[in-house]
Amino acid sequence: MTPDQLGRLPGVLFEIGKLIGQDLDPGPLLSRISEMICRLLDADACSVMLLDAAEERLLARAAYGLGTERVHRLSFAVGEGVAGWVIARGEPALIDDVSGDPRFVVLSDGDERAITSMACVPVVARGDRVGVVSVTSSRPAAFGSHHLELLTFLARTIALDLENIRLHRVSVTDVLTGTYNREFLLQRLPAEIDQALARGAPLALAMVDVDHFKDVNDQHGHDIGDEVLAEVARRLRAAIRGGDVLVRYGGEEFLVLLPSADAGRAWEIGERMRQRMVTRPIQIGDRTLAIHISVGVAQHRGNDGESPGELIRRADAALYTAKARGRNRVEVAP
């Protein structure tokens, strides 16, 4: 590592230790760590990806230097892409120019930052691979062996904390869709309502249901139905804001917790989710499926003592209004 990086390293380690000691939510904690790694290595972007509950896919848990939508799209099967190769092999990857590396996978044509060079290292805790940390740059050959050494050292430093975060996430995550599960919502929602009341800020819920999902299962089978639900979750995740919480509420129903959103803002987010589904069909093998959703949103009634259960029931009632009015639409609870 360069003398400048060596001089900055103790401060970075101190800040990471302080952040971990503050018991922050995993998202803000990992985002801040990503930012410090990014600046220490003079990278354009840094991401932290952890294995899902089935240990079959890497899912982005935080990043710095990437847009929220792009972070939500970051997902690789073990063995897929550079990150998948690193987690499968347990070896780091240092690439001067990704255009000449067959392991690199372009997620979409709409990437807001060009990636030319990258470094990616595995995160190993208690002898098990649990994730990867990657840095990227638009400059060719932006990283050398000393950067890889430094990134590996930092990954080792935070490995146990990342594993604890992963285990916590696994316990509150729906395996099929990678979203939070209903139990997590029941823990989180009362605290979010209390915080909204204390700040005098609005809070809303959006209840989402996949229209005619039973027909998908009946016509194509439950395996195809599962793939549809996973893709629906990916599109919903890409449509919501960074601080919003996506939950698989049950079956083909999802719920989105929307902090700092009033009814109007919640309707806009609901409409954005709906548009994500209608803009293009879902392609699964040789099957092309036109999938639509209905959305019901409700804003918490503030200081009138509305319980979490009552708020959920109002959002659900708005969803059924959307169903009754023809589906593929967003309705707001009165």
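Dipole check for the chain: with +1 at the C-beta of Lys and Arg, -1 at the C-beta of Asp and Glu, and the Cα centre as origin, the magnitude is about 440 Debye.
Computed about the Cα centre, the dipole magnitude for the stretch 114-208 is approximately 140 debye when only Lys and Arg (+1) and Asp and Glu (-1) carry charge, each at its Cβ. Positive-end ranking of Ile269, Ala54, Leu29 along the dipole of the chain, with charges on Cβ about the Cα centre, is headed by Ile269. In percent, rounded to a whole number, the relative contact order of the chain is 13, using alpha-carbon pairs under 8 Å and six or more apart. Each pair of Cα atoms in the stretch 182-332 enters the Kirkwood radius, and Stokes-Einstein at 10 °C and 1.306 mPa s then converts it into a translational diffusion coefficient of 102 µm²/s. Its residues counted as N, the chain yields a C-alpha radius of gyration over 2.2 N^0.38 Å of 1.05.
Every number here is computed from the coordinates shown, using simple stated rules; none is lab data. In this text the structure is predicted, and so the values were computed from the model without any measurement. Cβ coordinates were reconstructed from backbone atoms using ideal geometry, including for glycine residues, and neighbour counts include every protein chain displayed.
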